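Scroll down for the structure; my scribbles are underneath it.
The values are calculated or read from the model by the stated rules, or taken from the named source; none is laboratory data. These numbers come from a predicted model, not from an experiment. Glycine also receives a Cβ, built like all others from the backbone with ideal geometry; neighbour counts cover every protein chain displayed. Remember, those area values only see protein heavy atoms, side chains included, never the ligands or the DNA or RNA. Shrake-Rupley method; radii C 1.70, N 1.55, O 1.52, S 1.80 Å.
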Amino acid sequence: MQTLVGWHIEMEFREEGTRTAAAALLRLADGSELRAHGFTSRHPADSEQMRVGEEIAAARALNDLASQLLTKAHAEIQSGSTVPTHPLM
């Protein structure tokens, strides 16, 4: 039997001067939500390319989100096991 599950990640950006911030929100099927953040700063000598700042900040937010998902999965594995488990990271 095949089951298809989908997740949607909402990503928002805030630009303030040379700094770009990204905030990610993931709602999981179990009703839990994970929130993650990523930041980047543009060197004053670099040209303004908002897209690049958004991509870097988003990648860092998604890395944070991945780390949180691994931690959550490890906790769920550990809660169902009678022997110690190894972290997934």
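Which net charge results when you count Lys and Arg as +1 and Asp and Glu as -1 among the other residues whose beta-carbon is under 13 Å from that of residue 66?
With Lys, Arg at +1 and Asp, Glu at -1, the net is +1.
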Task: Coil-residue chymotrypsin sites (Phe, Trp or Tyr not before Pro) of the chain, DSSP, other Cβ within 10 Å capped at 12 - done: 7
Open item on the list: Given 25 °C and 0.890 mPa s, compute D for the chain with the Stokes-Einstein relation, Rh being the Kirkwood radius over Cα pairs; round to the nearest whole µm²/s.
Closed with: 163
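Quick one: net charge of residue 21's neighbours, Cβ under 9 Å, K/R +1, D/E -1?
Charge balance in the 9 Å sphere: -1.
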Task: Angle between the chain longest axis and helix 50-79 axis [Cα atoms, degrees, rounded to 10] - done: 20
- [ ] Heavy atoms only, probe 1.4 Å: what % of the accessible area of region 30-87 goes to carbon and sulfur, would you let me know?
- [x] 58
Task: 15 Å beta-carbon shell around residue 11, net charge (K/R +1, D/E -1) - done: -2
Task: Label-point separation, residue 19 to residue 47 (7 Å along Cα→Cβ), nm - done: 2.6
- [ ] Consider just the alpha-carbon atoms of region 1-41 and return their Rg together with their Dmax, both in angstrom.
- [x] 14.4, 52
Task: Solvent-accessible area per residue, Å², over the chain with all protein chains present [probe radius 1.4 Å] - done: 76
TODO: Grab the DSSP H runs of the chain that are 4 residues or longer, score each as -39,500 (n - 2.57), total them, divide by all residues and round the 222 nm result to the nearest 500 deg cm²/dmol.
DONE: -12000 deg cm²/dmol
